[in-house]
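So the structure is just underneath, and the comments pick up after that.
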């Protein structure tokens, strides 16, 4: 218990670092750490300039891990991400030059600015924790965490991510514009030096791996598992949804709930954890019908309605 307390204090320090740099976005900071501790990946979608890249950089600087940045552009090739074998005439053999994907914390900046072919090169890495180059499978280092940023698809020069790739992200977040007071404080803090320059790592690679293992041991009761399945099943039955949440989505919601409970100092999951996380985990995994899109409905609104109207199963012994 004392060990867990120590790790929770270090998580608080990471959050403190983030909040020094990203003002007024405590929710996005916490959810980003939820994905990290759950062993998943995050997709940040919003307009340019609201702090998406800065959030990722701050998290990376708070962790003593290998940080790599990939700036996605229309001419980026898959080999630019995974790496390439180059012939060395001196040694008379091919040498593998690792790409930026072979790091711990990966910033995939403006992922929807590049072609679908290059986007798909992330799929194996995000799902299998390995990459294949010239027929050779190369395992990735632990921990492996991708935070991808993208601009809204309405912007020119963007390529929408395919459903298969969206499903690989455990959470999809939106930053939003800061409030008047938060933006005013932002100007004051950055008038001379940027706060990120004073950020130092507070969590080592080994400690992060240990925490990720502890998160897996967080207890989730069967009735909470049933609640997750009920939510997922209702997305498959909803008349406004063409394609509902996959089984990968239900597992992602369970993993995220365990991490959320751990961050809040609990070794068990509450139904409220699932209720809070469901929109962030499920909304990007559904495809709406043409009629729903025509009526102006959004996946976030539909998921919120499902969460609001789904009852939480209660074990019989609690009623006796």
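Tell me, yes or no, whether the range 272-284 has at least one residue that is at pLDDT below 95, buried (at least 22 other Cβ atoms within 10 Å of the Cβ), more than 22 Å from residue 8 (Cβ to Cβ) and touching a helix residue (DSSP H, G or I) at 6+ places or on another chain (Cβ under 6 Å). The answer is yes; a qualifying residue exists.
Just wondering, is there one or more residues in the range 83-96 that are closer than 30 Å to residue 132 by Cα and touching a residue at least 60 places away in the same chain (Cβ under 8 Å)? Talk me through it step by step, then tell me what you get.
Filtering the range 83-96 down to residues closer than 30 Å to residue 132 by Cα leaves 83-96.
Remaining after also requiring touching a residue at least 60 places away in the same chain (Cβ under 8 Å): none.
No; the residues of the range 83-96 include none that is closer than 30 Å to residue 132 by Cα and touching a residue at least 60 places away in the same chain (Cβ under 8 Å).
The strands (runs of 3 or more DSSP E) found wholly in the range 107-223 and carrying at least 3 residues that are surrounded by 12 or more Cβ atoms within 10 Å (Cβ to Cβ) and on the phi < 0 side of the Ramachandran plot occupy 130-133, 145-150, 171-173. Within the option set 70, 81, 86, being in contact with a strand residue (DSSP E or B) (Cβ under 7 Å, 6 or more places away or on another chain), closer than 29 Å to residue 14 by Cβ and outside any helix (DSSP H, G or I) holds for one residue only, 70.
The values are calculated or read from the model by the stated rules, or taken from the named source; none is laboratory data. Quantities reported herein were computed from a predicted structural model and do not represent experimental measurements. Every residue, glycine among them, receives a Cβ derived from its backbone with ideal geometry; neighbour counts consider all protein chains shown.
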